[in-house]
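The block underneath contains the structure these notes are about, expressed in structure tokens.
The values are calculated or read from the model by the stated rules, or taken from the named source; none is laboratory data. Please read all numbers here as calculations on a predicted model, not as lab measurements. Glycine also receives a Cβ, built like all others from the backbone with ideal geometry; neighbour counts cover every protein chain displayed.
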Amino acid sequence: MISMIRIDDRLIHGQVAVMWSKQLGVSRILVASDKIAANDMQVNALKMAAPAGIKAFVLPIQKAADLINDPRAASMKILVLSNNPKDIYEVLQKINEKPLLNLANYGRIGGEPLSEKQKLTETVYVTNEDKEIFNKIFNMGYDFEYQPLPSDAKQSLKELLGGK
């Protein structure tokens, strides 16, 4: 079962590998991305970044959803990661669970210049396209918690975007 789905530009890094995986007690980290899964060098680097005792997988979106929906996954605690909302939207459309969604460290790396993005927090910048995708996710009955670290206060992404 999914313990949490997180959007984070950096994917598997210190906050995720150490703090979140320990907080959630996960046994698996799953990066869901067609683009990243096609890059062998990035796949190998992400697998090496996983903490000892936690298996890391980097899979295209459909294979990630198939793994999540596999009855054998029900007994596992899985942290699902992606570096963009579009991939998460696609995953959510394909899975049977309704997991907790988390967002932090998004929009500062790559893509359009920061000057062309809306700053929501010190670590989250979004484009108009991002907002459209987040609204589609909200319309599915979800919200994201903006919470970079487990010890940080939670904030609703919907509220940060001006919704209620």
Open item on the list: Can you report the number of residues in the range 114-164 which are under 21 Å from L92 (Cα atoms), of a type in the set (G, A, S) and not in a loop (DSSP other than H, G, I, E, B)?
Closed with: 1
Task: the range 10-36, subset surrounded by fewer than 19 Cβ atoms within 10 Å (Cβ to Cβ) and closer than 17 Å to N84 by Cα, residue modelled with the lowest pLDDT - done: H13
TODO: Out of K131, K136, K98, report the one residue that is more than 30 Å from A74 (Cα to Cα) and of a type in the set (K, R).
DONE: K131
TODO: Take the range 2-13 and flag every residue that is more than 16 Å from K47 (Cβ to Cβ) and not polar (S, T, N, Q).
DONE: I2, M4, I5, R6, I7, D8, D9
TODO: Within the range 37-47, work out how many residues are touching a strand residue (DSSP E or B) at 6+ places or on another chain (Cβ under 8 Å) and either of a type in the set (G, A, S) or crowded, with 19+ Cβ neighbours inside 10 Å (or both).
DONE: 2
TODO: Inspect all residues belonging to the range 108-123 and state whether any of them is over 22 Å from H13 (Cα atoms), of a type in the set (G, A, S) and surrounded by fewer than 16 Cβ atoms within 10 Å (Cβ to Cβ).
DONE: yes
Task: Within the range 53-69, tally of residues that are surrounded by fewer than 20 Cβ atoms within 10 Å (Cβ to Cβ), of a type in the set (A, V, I, L, M) and within 14 Å of N96 (Cα to Cα) - done: 1
